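Visitor: Let me give you the structure first, and then I'll get to my questions.
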């Protein structure tokens, strides 16, 4: 590991356990022309959306690249959403940004799909000159969770367990209206469970939340597994302009892949949010 990177990574991830940096491999080639990407001669401009998660991951990318001897800058513009940030990379306004699998495929829906191979599917969705590097273990996708009391009462561990509750449960939560959130009809089809929509109600029996939502830890919620894969994956990965994706950059960014978990991302995002509100020094 480059000697100068250790103190910076420890600072960036102070609220979570130390990241053990691992190497990884790069994604495949792209297949569509893009007419407006940067020439790669200047620093890598890293962009974020408005979420704390995006800022945390972008900071880690910056530290890793700096430690590998790359020049980086943080974009002055903070984009409104992960989709807007991805479009900025494709348009050549950014050199690098955190992106999420299913969000990116909704943003660029015209590519072919290769079932079981997300890396190839992402590559086919992106224009030539834009690279989706391997993802981290961390996700910012939707999860369905219940309170400890509800889990104990019905012995709930999986979404498939919901059908044996013998009662009509409500589905709500802060992420219930997200485009990647499961609908009552999709859950009915996959698991044979009937849920009544409760909108964004925090008092619903089954809560749709982002996997990094601090309430999961604070309220000790039980996240239900999804064996049928109804909820699409949203692993975070580096979306990068090809001129900035040389071997040194790829190897540096790959070091965070398996080290950054969802729990770590959630903890650091919560810390970042608290600091932004002046509630933590």
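Visitor: To the nearest 0.05, what FRET efficiency results for residue 274 and residue 74 with a Förster distance of 30 Å applied to their C-beta separation? Can you show the working numbers first?
Guide: Numbers: r = 20 Å, r/R0 = 0.68.
Taking R0 as 30 Å, the efficiency between residue 274 and residue 74 is 0.90.
Visitor: Highest first, please rank the peptides 51-61, 179-189 by the mean number of other Cβ atoms sitting within 10 Å of their residues. Walk me through the intermediate numbers first.
Guide: Details: 51-61: 23.9, 179-189: 16.3.
Peptide ranking by packing, descending: 51-61, 179-189.
Visitor: Return one number: the angle in degrees, 0 to 90 and rounded to the nearest 10, between the long axis of the Cα atoms of helix 52-67 and the longest principal axis of the Cα atoms of the chain.
Guide: 30
Visitor: Follow-up. Between residue 163 and residue 197, what length in nm is gained on full extension when 0.36 nm per residue of separation is reduced by their alpha carbon distance?
Guide: Numbers: separation 34, 0.36 × 34 = 12.24 nm, distance 1.59 nm.
Gain in length upon complete extension: 10.7 nm.
Visitor: Continuing with this model, one more query. What base-10 log of the normalised intensity I(q)/I(0) is obtained for the chain from the Debye formula, alpha carbons as equal point scatterers, at q = 0.07, 0.17 Å⁻¹?
Guide: For the chain at q = 0.07, 0.17 Å⁻¹, log10 I(q)/I(0) is -0.27, -1.33.
Visitor: Only counting other Cβ atoms within 10 Å, I'd like 106, 250, 163 sorted with the fewest neighbours first.
Guide: Details: 106 16, 250 21, 163 13.
So the ranking, lowest neighbour count to highest, is 163, 106, 250.
Visitor: Could you please state, rounded to a whole Å, how far the C-alpha centre of the range 48-105 is from the C-alpha centre of the range 108-123?
Guide: 21
Visitor: Most exposed first by the Cβ proxy, i.e. fewest other Cβ within 10 Å, how do 228, 63 rank? Walk me through the numbers before you get to the answer.
Guide: Working: 228 15, 63 23.
With the sparsest Cβ surroundings first, the list reads 228, 63.
Visitor: Additional query: So, in nm, how far is label residue 225 from label residue 113 when the simple model puts each one 7 Å beyond its Cα toward the Cβ?
Guide: Distance between label points: 2.5 nm.
Visitor: Compute the helix-to-body angle for 262-276: its Cα long axis versus the longest principal axis of the chain, expressed 0 to 90° and rounded to tens.
Guide: 80
Visitor: Among the DSSP beta bridges whose two residues both lie in the chain, what percent are antiparallel, rounded to the nearest 5?
Guide: On the way: 15 of 27 bridges.
Bridges in the chain are about 55 percent antiparallel.
Visitor: Here is a further query. Evaluate the relative contact order of the chain (contact order divided by residue number), counting alpha-carbon pairs under 8 angstrom at least 6 apart; express in whole percent.
Guide: Numbers: 571 pairs, mean separation 80.0, N = 281.
Worked out over the chain, it gives 28 percent.
Each value in this text was obtained by applying a stated rule to the coordinates, not by laboratory testing. The model shown is predicted, which means the values in this text are computed figures rather than measured ones. All Cβ positions, glycine included, derive from the backbone under ideal geometry; neighbour counts span all protein chains shown.
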